[in-house]
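Note sheet for the following structure.
The values are calculated or read from the model by the stated rules, or taken from the named source; none is laboratory data. These numbers were taken from a predicted model, which means no experiment stands behind them. When we count neighbours, we look across all protein chains shown, and the Cβ atoms used for this are built from the backbone with ideal geometry, even at glycine.
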Amino acid sequence: MMLHFYFAQRFSTTLAAVFGMFFCFLAMLDLIEQLRRFGRDVAFQDVLWLSLLNAPSALYTMLPLIVILAAILLFMSLSRSSELIVARASGRSAVYSLMAPVLVAFTLGIFAVAICNPIVATTSKRSQELRETYRNNGVSTVSIRGEGLWLRQGGETGQTVIRASRANSDATILYDVNFITYAHDKGPIRRVHAENARLEKGAWVLENAKSWALIRGQNPEEQSVHFDRLQVPSTLTQDSIRDSFGKPSTVSIWELPGFIDQLNQAGFSSRRHTVWFHMELARPLFLMAMVLVGAAFTMRHNRHGRTGLAVLMAILIGFGLYYIRNLAQILGDNGQLDPVLAAWAPPFASVFLAFGLILHMEDG
C-alpha cells in the first residue's frame, strides 16, 4: 500500500509540474496571438484577460498529451533510479506497479469532466463573447429555449433581438419570427414580424412582414406598415450562428443532455453535441490509456542507450492515438460513425493496445 501511495505522489507531482509548464507556454502564445489580432484597438489588460480565459480550454484540450508526457517523465525517473527493478524484485509485477499512476489518471479524468468541464465551458463562452465585442462592437449570440430560438445581433445602430418559433438545421431560415430593435442606451424602437426570414449576405430577407414603429405616446398599430419583402441589416453569418450554438465545449457537461433535447425540439441537429457528450464521458478511460502507453516504453531499465528511442516511440504512439481519437470525433460529427462508437472505440482500443505492449515487453 505504501508503494502505491509513493508512486501516486510522484506521478501527481510530475503532473503538476508539466501542467504548470504547459499553462505558462500556452498563455504566452495566446497572448502574442491576441495582441497580433487586436493590436492597439484593445487595452493590454483586456487582451491579457482574454488570454487567461482561453488558457483553460487549451489546457483541457491537451490534457491527454500532458498526461502521457508526465507518465514518460515519471517512469523514466523510476527506471533510472532502479526503483522499478526493486519493486519487481520484491515480487510485484509491472501491472501491479502501474495501478497507482493509472488510478491517479482515472481520478484526474473524473475531476476534469465533473469540475473542470463546467469551468472551461464558462470561460470559453465568456471568451467568445469578448472576442465578438472587440471585433464588432456588439455581441452576437444564439440561445435555444423551450419556447423557441433567440438570437441577438449587434451593430452601430444598436442591438436587435430575434425570436423564432423554429428554424432550419443551421438557423439561416427562421419561421414565425420577430425582430425587436433597441437603440443605444434606449428602449425598443421598432418591431417587425414575418412569416419567415432568410439570412443572406449582410441582411435578413423577410417575407410577408409587418413593421411597427415603437414611439412613446403613439399607437404602434396606426404606424404599422406591411411588406411583401423586407431586408433587415445583419452582422450575423452562417458561420457565426453555427459557432454560437454549435460549439459543444461552451456547454457544461451537466447541462448538455437538456441542451441536446432543446436542439432536437428546435429542429437542429444535435449530433455534434451527442458525440462531445460521449467523448467527455470516455475521457477518464483515455487518460488511463495515455499512462499505459507511456509506461509500456519507458518503465524498462535500458542499459544500451535506447532511452531516447523508447521516449520517441511513446510520444509518437501517444500522439497517434490522440489524433485517431480526434479523427473519430470528426467522423462522428459528420454522421459517418455512430456517436457512441466514435467516442468509446478509441479509448478502449488504446487501453487494449497499451496493455498488450506492457504484457509483451515486461511479462512476455
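Looking only at helices (runs of 4 or more DSSP H) that lie completely in segment 1-98, which have at least 1 residues being assigned by TED's automatic domain parsing to the domain that holds PRO118 and either farther than 26 Å from ALA354 by Cβ or modelled with pLDDT of 90 or more (or both)?
Correct list: 2-38, 44-61, 63-80.
Kindly indicate whether any position in segment 283-290 is out of contact with any helix residue (DSSP H, G or I) (no Cβ under 9 Å at 6 or more places or on another chain) and not hydroxyl-bearing (Ser, Thr, Tyr).
No: segment 283-290 contains no residue that is out of contact with any helix residue (DSSP H, G or I) (no Cβ under 9 Å at 6 or more places or on another chain) and not hydroxyl-bearing (Ser, Thr, Tyr).
Report, ordered by the first and then the second residue, all pairs with beta carbons closer than 6 Å, sequence separation of six or more or different chains, a first member in segment 162-186 that is touching a residue at least 40 places away in the same chain (Cβ under 8 Å) and not assigned by TED's automatic domain parsing to the domain that holds ARG216, and a second member that is part of a loop (DSSP other than H, G, I, E, B) and surrounded by fewer than 16 Cβ atoms within 10 Å (Cβ to Cβ).
The qualifying pairs do not exist here.
Give all pairs with beta carbons closer than 9 Å in which a residue from segment 267-289 that is without any contact (Cβ under 8 Å) to a residue 24 or more places away in the chain meets a residue that is assigned to a helix (DSSP H, G or I); count only pairs at least 6 apart in sequence or on separate chains.
If the second residue must be assigned to a helix (DSSP H, G or I), the pairs left are SER270/PHE259; SER270/ILE260; SER270/ASP261; SER270/GLN262; SER270/LEU263; SER270/ASN264.
Only one of (1) closer than 18 Å to ALA289 by Cβ; (2) crowded, with 19+ Cβ neighbours inside 10 Å; (3) in contact with a Leu (Cβ under 9 Å, 6 or more places away or on another chain) fails for GLY332. Which number is that?
Result: GLY332 passes all but (1).
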